[in-house]
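*Asks:* One structure follows; several queries about it will come next.
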Amino acid sequence: MISLIKDFFSKFLKDLFKKKKHLRMGLYGPPNGGKTTLANRICKDWLGEEMGAVSSIAHETREIQIKEQINIKSKGKELTFNLIDTPGIATKIDYEEFMKVGMVEKKAKERAKEATKGVIDAIKWLDDMDIVIIVLDSTLDPYSQVNITIIGNLQAREIPVLIVANKIDLKKANIKRIEAAFPQYDVVGISAKYGKNADEFYEALFVLAG
């Protein structure tokens, strides 16, 4: 009898702390999909401040960035999480690509080295994620080696995933193409830059977090 009571309280306390745990939510995706723009949107909506710098040059985010204790509310529900913005995942990083946007060779090689390390770190951090948001540019073909690599890593780890089809404010946006590419996951179309469909995105987070 004492053993049963101990087991009951042990399970009760375990469930209690599990519910109060701050989720670790990671933003993943290829370069320039809009991860940092989405991170800034979330932080501005709920904290009144931005998270990081945004650039049209690929791999602007080269280190893991973390914003702790973001608390969002919707329809009487609350969700608290630590937001982790990761460098863009790429299967190949060539310093010459940075030279094409005006960088001198020395700086371009440094950027490529930093970006490569960022990709490795981002993959390692997957083991620490509770849920993952994959941010894709909805104007681009989703059937890329990078996207398939990211999805494969997440499926292998059985991490809950939500796909964000970003940049729906652009004419070439095509959410259905992303839905067709990855039918195993829910897809939410948003414009992180302008906040379009932000409410739908936050609702989807509650569903994902369970």
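The values are calculated or read from the model by the stated rules, or taken from the named source; none is laboratory data. Just so it is clear, the structure is predicted and the values come from calculations on it, not from any experiment. No Cβ is skipped: glycine too gets one built from the backbone with ideal geometry, and neighbour counts run over all protein chains shown.
*Asks:* Quick one: what pairs do we get from the stretch 124-146, first residue within 11 Å of TYR28 (Cα to Cα) and at pLDDT 95 or above, second of a type in the set (Lys, Arg) and part of a helix (DSSP H, G or I), C-beta under 8 Å, 6+ apart or different chains?
*Replies:* These pairs meet every condition: VAL135/LYS35.
*Asks:* Only one of ILE159, ILE163, ILE168 is under 25 Å from LEU83 (Cα atoms), at pLDDT 85 or above, touching a Gly at 6+ places or on another chain (Cβ under 7 Å) and not in a helix (DSSP H, G or I); which?
*Replies:* Testing whether each residue is under 25 Å from LEU83 (Cα atoms), at pLDDT 85 or above, touching a Gly at 6+ places or on another chain (Cβ under 7 Å) and not in a helix (DSSP H, G or I) leaves just ILE168.
*Asks:* Please determine, by comparing only the residues of the stretch 129-145 that are in a loop (DSSP other than H, G, I, E, B) and not small (Gly, Ala, Ser), which one is surrounded by the most Cβ atoms within 10 Å (Cβ to Cβ).
*Replies:* PRO142
*Asks:* Out of the stretch 62-88, which residues are closer than 21 Å to LEU205 by Cβ, within 18 Å of the chain's Cα centre (by Cα) and at pLDDT below 85?
*Replies:* ILE64, GLN65, THR86
*Asks:* Another question, then. Six or more apart or on different chains, Cβ under 8 Å: which pairs go from a residue in the stretch 167-182 that's closer than 8 Å to PRO142 by Cβ to one that's hydroxyl-bearing (Ser, Thr, Tyr) and part of a loop (DSSP other than H, G, I, E, B)? Could you list them?
*Replies:* As it stands, the answer is ARG177/SER138; ILE178/SER138; ALA181/TYR143, since those pairs meet every condition given.
*Asks:* Could you list, in sequence order, all residues of the stretch 1-35 that are out of contact with any Leu (no Cβ under 8 Å at 6 or more places or on another chain), at pLDDT 90 or above and more than 16 Å from ILE131 (Cα to Cα)?
*Replies:* GLY34
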